[in-house]
Amino acid sequence: MLPEAAAWLIIGLPLLAGVFSIAVLRPWKRSLWQYAGYAAIAGTGAAFVLSLIAVNGAMGNGDAGYEPHTWFAVGALGAQDGFQMTVGIFLDPLSAIMAAVVSGVSTVVQVFSLGYMRKDADDASGEWSDYPRYFAYMSLFTASMLGLVLAYNLIQLFVFWELVGLFSYLLIGFWYHRPAAAAAAKKAFIVTRIGDFGFMLGILYLFLHRGEFAALGLNPFEIPAILEAAPMLSAGVATWAALGLFAGAAGKSAQFPLHTWLPDAMEGPTPVSSLIHAATMVAAGVFLVARLFGLFEESAAAMNTVAIIGGVTAVFAAAMGLASNDIKRVLAFSTVSQLGYMFLALGVGAPGVAMFHLFNHAFFKCLLFLGAGSVHHSVHTFDMRYMGGLRRWMPITYMTTLVGGLSLAGIFPLAGFWSKDEILSTAWSGAHAASGGVSQLVFWLALAAAFMTAFYVFRLIIMSFHGDFRGGIDSVPHEERIPDEAHHHVHQHESPRVMTLPLIVLAVFAVGSGFVANSLVDLGPVPAHWFSHLLHEDAPDFNIVIALTSTVVAVAGIGLAVLVYGTRSVSFDGVGRLWRWGHRLLVERFFMDALYEDLIVRRALYRGLFLVSDWVDRRIVDGMADLAGWLGRNSGRAIAQLQTGHIQVYGVGVSMGAAVILIFYLMQR
Amino acid sequence: MLERLLIISAILFCIGLYGVLSRKHIIAVIMSVEIMFNAVNVALVAFSRYTVPAGLRLSGAGTDAERFVLEGQTLAVFVIVVAAAEVALGLALIIALARRRDTVHISDLSTLRR
Amino acid sequence: MAFDNIFSEIVFWTLAVVTIGSAALVVHLRSIFRAALMLVVSFLGIAGLFAMVNAEFLAVVQVLVYGGGIAVLVIFAVMMTRDVDTGNVSTAVQPVALMMGAALLAALAYSIVQAEWTVLPDSLPGPIATVFVETPTQLGRLLLSDYVLAFEVAGVLLLAAVIGALSLVRERTDA
């Protein structure tokens, strides 16, 4: 079992590495800060090792018994009105696995970044560079995410949750001099903040009902206490608290209708997208729901909401992925869609399955993003219309991306297949679910999403790696280029080994993480259903019909993509007006961005609310300030009239005061 | 007897105060201040003579009775010393002022206003 | 000296009236020179009062310092300035000042009358009577023992006052 201090070090080491990079290395000479990447990798890698030890420990005896530490207490302990603020580490199998995935993926991404960000180090002019800043943010982001995962207390979790939001803001806006990046960072921050508001309301709602917790002798903020008290709470409490928390989760995990920030977040460096998408920020929402699953489970309404939002998002985002030409945007929509899958699994009552999918998804999505980064390293654009034929000089990138794509599509026996199949069969059987009808509904949604997923990921692979090369950055019209990259040219070579090695490692995981971690049969060192049992869950039964169905659907999607984009034997041109309208709908992302930015922000806020508050600010708030100033100035002027400069007038005042004091004194007696 | 002297002292003090506050000529003001000093001295001497000194036991008083009995008179001596110094300086100031500003009227001296 | 006979009463009241009357004239007379003379009369009256309450030494000092030194200084100053005959007019705050003085006097008088003083008995106890007989000796001893610090500081103060006064009235050769 890991000692508690070591558990804290899982958070502390990346934190230390980040602070060291930005506060010690960055202000130093170039000769030192170029090692910032190694410092970050060392910190995160050490956290990864500790997390693995924690997983190993968690396999033995379930929950780690770290007592929380009291930070401060208000009122008497256990009193009806008092409460205790505690901090601590909650290291159960769920958080141990999550911590291992987060730190592991982060380590791989940082190794990849050594190569990808090399350019920023070489381009640096003068003593200062963005290079150490990048690794500092990466480390601090990882530390925040690990803190979120290991939090014992909901408030503690919320603090790290917001820190994750902050560092995602800084990372997405890493190239802050690009207007698009700055706008995307702001958008990510603000949209997730909307969800976080719900999160905060959920916490407050629990706090309002602290009396019920106090009656049970529990603390309303401690996660184990919430899980323990959930079945005993009065009706409605669980529902509203769960819905509030789910709002936060939906914001962070980019679920409909708060998904708009994620595609824009592609403006950050590609490894950042990879990290945010694979295991960290967006997975935080799934993790939160899984963490507090006991609370959600008590409310059928909350479960149905989670399931339906998840299912709708899975289809909705996959549909948008069909029509995008930006390789990273396709992957972004794919992430949203896959997160929808996870929420769907949570909603039908299988947190273990959701976590399993999160676990597998972390590897193949990270792999796909890093593959996109590797592609960009060569052609300096993300637009698939200008790629094609890359497999000729990027064999490793091609092969690993293909593995990732197959895994994402859910082809036997790759990782994605196993978890997707578990989700589908759980939804179909509805065994765990609070309500069967919703479960069946989301099954069909998930199946539709599976088809689209297979289609768009092979559209991506075929457009970028097959066919003839269409020129890369050299063909991109100048007005479409990002200013920073306008002077770049295509280099027809494979990426350096520091970038391909992470790809290979991740590809191995993308192949194996599925059937090794949650195998149907005993594999010797790994027992059958290791992952499920680690999370104290029964593995869903393997349903051969559903497995075949999903495979057929996926293969059909791949086949259609090959026919349309590979052999060009099928064309959508003939589908006519309906297709064109639908295409427009997809390209415009169902007009959600337009709705938010134009209707809500520009019309309702700028022209409505803000005008009113501007008027109030100018007239009433400023008016009061002006009035205070006017009063001060004029009363001062009035009093200044007393300052005659004639000393005898002052003397009269002094003696008058003395007389008044004396008279008062005599009257008191 | 004590009350009489104190009343006289109070009357002198108030006359002095009135003079300080109402006279225009600086020398008159200085003279009024002197009257106030003297009023205080009268009160001190009266206290010294007629009140029971704190700390002194009437019966079997020690040989250092003067320490208590003469406190007021000693203080009056110092008041006189300070008054003398004040008058010397004050009058010197008035003469310097009369030379520089060519005035001896307090109402002309209102530079404190700005 | 007890006030048990009519002679003492007459002397006391005369001194009181002279002192207060001349003090009132100091602030009332328009001629600053006459006011200064009235001031001397008031000082001498106070010296008389001192003499009547066993403060003979102070009475002498009063005559010497006030009636002599300070009076001479004031008169010199009066002669070195102008507007001597008509200068002692009132300022605009005179009515207020009068009210202030009256109010303060009323308050003081009330507090003096209604206060309960612990007064020495008419026949003084032996040691105290002894002190009042040899006041100058005892004062001198006190000034050089208990009050020696204040005494020395007072000396420095006087020196500073003299030097200050000299430097203030010095005619500047370069001006």
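If you take all other residues with their beta carbon under 14 Å from the beta carbon of residue B:93, and give Lys and Arg +1 and Asp and Glu -1, the sum is +3.
With a sphere of radius 12 Å drawn around the Cβ of residue A:225, what net charge do the other residues whose Cβ falls strictly inside it have (Lys, Arg +1; Asp, Glu -1)? List each step's numbers first, then the result.
Details: positive: A:210; negative: A:212, A:222, A:228.
Summing Lys and Arg as +1 and Asp and Glu as -1 gives -2.
With θ taken as phi - 60° and the Karplus curve 6.51 cos²θ - 1.76 cosθ + 1.60 applied, the whole-hertz 3J(HN,Hα) list for region A:644-659 is 7, x, 8, 5, 6, 5, 4, x, 4, x, 4, 6, 4, x, 4, 5 Hz, x standing for glycine and proline. The mean count of C-beta atoms from other chains within 10 Å of the C-beta of residues in B:94-105, rounded to a whole number, is 4. Taking the centroid of alpha carbons for each part, region B:67-105 and region C:13-48 are 18 Å apart.
Once you have a ≥ b ≥ c as the square roots of the Cα gyration tensor eigenvalues for region B:2-108, tell me rounded if a/c is under 1.5, and otherwise prolate or oblate according to whether a/b is larger than b/c. Show your work: numbers first, answer last.
Values: a/c = 6.48, a/b = 2.36, b/c = 2.75.
Verdict is oblate for region B:2-108.
In this structure, the amide hydrogen of residue A:73, modeled 1.01 Å from its nitrogen in the peptide plane, lies closer than 5 angstrom to those of A:85, counting only residues at least 5 positions away or on a different chain. Relative to the longest principal axis of the Cα atoms of chain B, helix B:71-101 runs at roughly 0 degrees. Summarising the amide proton neighbourhood of residue A:151: residues at separation of 5 or more, or on other chains, whose placed amide H is nearer than 5 Å comprise A:90. Each label point is 7 Å from the Cα along the Cα-to-Cβ direction; what then is the distance between the points at residue C:10 and residue C:116, in nm? Simple spin-label model gives 3.9 nm for this pair. Phi angles across region A:488-498 convert, under the Karplus curve 6.51 cos²θ - 1.76 cosθ + 1.60 with θ = phi - 60°, into 3J(HN,Hα) values of 6, 10, 5, 10, 7, 8, 6, 5, x, 5, 4 Hz, Gly and Pro given as x. Shown for the protein assembly as shown: lysine pairs separated by 8 or more places, or found on different chains, whose C-alpha atoms are under 21 Å apart, numbering 10.
Just by accessible area at a 1.4 angstrom probe, what is the order of A:326, B:102 from largest to smallest? Numbers along the way, then the final one.
Working: A:326 45, B:102 95 Å².
If we order A:326, B:102 from most to least accessible, we get B:102, A:326.
The listed peptides B:71-84, A:550-563, ordered by packing as a protection proxy, come out as B:71-84, A:550-563 (highest mean of other Cβ atoms within 10 Å first).
Relative contact order for chain B: what is it in percent, counting Cα pairs under 8 Å that are at least 6 residues apart?
Values: 91 pairs, mean separation 32.3, N = 114.
The value is 28 percent.
Site pair residue A:650 and residue A:216 shows an inter-label distance of 7.3 nm when each label is modelled 7 Å from Cα along Cα→Cβ. Between the Cα long axis of helix B:2-22 and the first principal axis of chain B there is an angle of about 10°, rounded to the nearest 10.
I'd like the FRET efficiency for residue C:167 and residue A:624, computed as 1/(1 + (r/R0)^6) with the beta carbon distance as r and R0 of 45 Å, rounded to 0.05. Efficiency at R0 = 45 Å is approximately 0.20. Taking Cβ atoms as reference points and 14 Å as the exclusive limit, the residues near residue A:245 contribute a net charge of -1, counting Lys and Arg as +1 and Asp and Glu as -1. Inter-label distance, residue A:563 to residue B:4: 13.6 nm, where each label sits 7 Å from its Cα along the C-beta direction. I need the helices of chain C that pass two filters: whole DSSP H segments spanning 15 Å or more by Cα along the axis, and mean Kyte-Doolittle score no lower than 1.0. The answer, listed by residue number, is C:6-28, C:32-52, C:94-114, C:148-169. A simple rule links phi to the HN-Hα coupling: the Karplus curve 6.51 cos²θ - 1.76 cosθ + 1.60 with θ = phi - 60°, which for region B:32-49 gives 5, 4, 4, 4, 5, 4, 5, 4, 5, 4, 4, 4, 4, 5, 5, 4, 4, 7 Hz, with x for Gly and Pro.
Let a ≥ b ≥ c be the square roots of the eigenvalues of the Cα gyration tensor of region C:1-89; is it rounded (a/c under 1.5), or, if not, prolate (a/b larger than b/c) or oblate? Verdict is oblate for region C:1-89.
Amide H contacts under 5 Å for residue C:81: none, restricted to partners 5 or more places along the chain or on a different chain, H placed in the peptide plane at 1.01 Å from N.
Using a 10 Å cut-off around each Cβ of peptide B:30-37, what is the average number of partner chain Cβ atoms that fall inside? The partial results should precede the final answer.
On the way: counts 6, 15, 5, 0, 9, 10, 1, 2.
Mean shielding count: 6.
Sparsely packed loop sites in region A:178-210 (the chymotrypsin sites (Phe, Trp or Tyr not before Pro) outside DSSP H, G, I, E and B with at most 16 other Cβ atoms within 10 Å) do not occur.
Highest mean first, how do A:362-370, C:71-79 rank when packing is the count of other Cβ atoms within 10 Å averaged over residues? Please report the intermediate quantities before stating the final value.
Details: A:362-370: 30.4, C:71-79: 18.8.
So the order, starting with the most tightly packed, is A:362-370, C:71-79.
Per residue of peptide C:138-145, the mean number of Cβ atoms on other chains within 10 Å of the residue Cβ is 4.
With all protein chains present, how much of the accessible area of region C:1-89 (probe radius 1.4 Å) comes from carbon and sulfur, to the nearest whole percent?
Solvent-exposed carbon and sulfur of region C:1-89 make up 77 percent of the total.
About the centre of its Cα atoms, region C:1-89 shows a dipole size close to 340 debye [charges on the beta carbon of Lys, Arg (+1) and Asp, Glu (-1) only; nearest 20 debye].
Which of the three applies to chain C, rounded, prolate or oblate, going by the alpha-carbon gyration tensor with a ≥ b ≥ c and a/c under 1.5 meaning rounded? Present the calculation step by step, with values, prior to reporting the outcome.
Numbers: a/c = 2.05, a/b = 1.28, b/c = 1.60.
Cα axes put chain C in the oblate bin.
Roll a 1.4 Å probe over the protein chains and send me the accessible area per residue for the protein assembly as shown in Å².
On the way: 40370 Å² over 958 residues.
Ligands and nucleic acids excluded, the figure is 42 Å² per residue.
Using mean Cβ contacts within 10 Å as the protection proxy, how do A:232-238, A:622-628 order, highest first?
On the way: A:232-238: 15.9, A:622-628: 10.6.
The packing order, highest mean first, is A:232-238, A:622-628.
Taking the convex hull of the alpha carbon positions in the protein assembly as shown and averaging its projected area over all directions gives 62.7 nm². Based on Cα contacts under 8 Å between residues 6+ apart, chain C shows a relative contact order of 18 percent.
I need the Kirkwood Rh of region A:241-389: take the reciprocal of the average 1/r across all distinct C-alpha pairs and report it in angstrom. Walk me through the numbers on the way to the answer.
Working: mean 1/r = 0.0656 Å⁻¹.
Averaging 1/r across every pair of different Cα atoms and inverting gives 15.3 Å.
The values are calculated or read from the model by the stated rules, or taken from the named source; none is laboratory data. Source: prediction; values computed, not measured. No Cβ is skipped: glycine too gets one built from the backbone with ideal geometry, and neighbour counts run over all protein chains shown. Quick note on the areas: whole protein, heavy atoms, side chains included, nothing else; ligands and nucleic acids left out. Shrake-Rupley method; radii C 1.70, N 1.55, O 1.52, S 1.80 Å.
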